[in-house]
Amino acid sequence: MKELVEVIAKALVDNPDEVVVTEKENGRNLTIELHVAPSDMGKVIGKQGRIAKAIRAVVKAAALGEKKQVDVEII
């Protein structure tokens, strides 16, 4: 999951070197934190949060096979 979020985020931003993705696992729950440069926040979130929602939907769909609940936090 971490690699999936990292690939998507690096394709969206102007500064791909500043993309940092961390995972925190707590039983069946998995939290993925996405850190980007402040100037790239708008590109990752998108208008009205559409890109952020799309990233979360793709990750949740990928997590169905692993039977885990995944949350993506953009920090």
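The values are calculated or read from the model by the stated rules, or taken from the named source; none is laboratory data. The structure presented is a predicted model; accordingly, all values stated were derived computationally and were not measured. As a convention, Cβ positions derive from the backbone with ideal geometry for all residues, glycine included, and neighbour counts pool all protein chains shown.
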Task: Hey, V21 at pLDDT 95 or above and surrounded by 14 or more Cβ atoms within 10 Å (Cβ to Cβ) or not - done: yes
Open item on the list: Take the residues in region 28-57 that are of a type in the set (A, V, I, L, M) and surrounded by fewer than 15 Cβ atoms within 10 Å (Cβ to Cβ); name whichever of them is nearest to L12 (Cα to Cα).
Closed with: M41
TODO: Assess whether V5 counts as being of a type in the set (A, V, I, L, M, F, W, C), touching a residue at least 60 places away in the same chain (Cβ under 8 Å) and part of a strand (DSSP E or B).
DONE: no
Task: Close pairs (6 angstrom Cβ cut-off, 6 or more residues apart or separate chains): within 28 Å of G42 (Cβ to Cβ) in region 59-75, among the hydroxyl-bearing types (S, T, Y) and modelled with pLDDT of 90 or more anywhere - done: D71/T31
